[in-house]
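Peer 1: The structure that follows is given in the form of structure tokens.
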Amino acid sequence: MLETPITEAKNTFTALVHQVESGEVVHLTRHGRPVAVLLSEADYQNLRQNAATRGDLLDFVQGWRGTLPGDWQGISEPEIDAARDHAAGREFAWET
């Protein structure tokens with residue numbers, strides 16, 4: 001991983017592109033903080049393809065729920081009770 005300030009990247013852009021084409025990822029910084037990334041077209045397309053095949057969380061949950069038996073009702077009362085904290089809790093009084 002190469003890190004370079006944006007001001008320097010302007011002057012060495014062609015060299016940075018060659019590095020990216022050879023598989024290097026270049027992080028561009030401003031005042032020492034990463035603000036952008038240069039990566040090869042192949043790496044970019046790979047990221048896009050992987051993101052598209054993952055979908056979003058709602059799609060995943062709906063798909064998962066579709067695989068459950070039709071009579072599935074969710075978490076049972078004993079399961080909820082087993083996970084619940086049965087400690088007495090703390091004392092509380094409203095201040096007046």
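We did not get these values from a lab; they are worked out from the coordinates using the rules stated. This structure is a prediction, so every number in the text was calculated from the model and none was measured. Reconstructed Cβ throughout: ideal geometry from the backbone, glycine too, with neighbour counts over all protein chains shown.
Peer 1: What is the extension gain from GLU24 to ASP85, computed as 0.36 nm multiplied by their sequence separation minus the C-alpha to C-alpha distance, in nm to one decimal?
Peer 2: Full-extension gain reported as 16.9 nm.
Peer 1: Rounded to the nearest 500, what is the 222 nm mean residue ellipticity of the chain from helices alone, with -39500 (n - 2.57) per DSSP H run of 4+ residues and division by all residues?
Peer 2: -13500 deg cm²/dmol
Peer 1: Taking only Cα atoms, what is the 0 to 90° angle, nearest 10, from helix 41-54's long axis to the longest principal axis of the chain?
Peer 2: The answer is roughly 10 degrees.
Peer 1: Given the Cα-Cα distance of THR96 and VAL35 and 0.36 nm per residue of separation, how much length would full extension add, in nm?
Peer 2: Value of the extension gain: 16.8 nm.
Peer 1: What ranking of THR12, THR96, THR67, THR7 emerges when the number of other C-beta atoms within 10 Å of each C-beta is taken as an exposure proxy, fewest first? Please list the in-between numbers first.
Peer 2: Values: THR12 13, THR96 3, THR67 7, THR7 10.
Ordered from fewest to most neighbouring Cβ atoms within 10 Å, THR12, THR96, THR67, THR7 come out as THR96, THR67, THR7, THR12.
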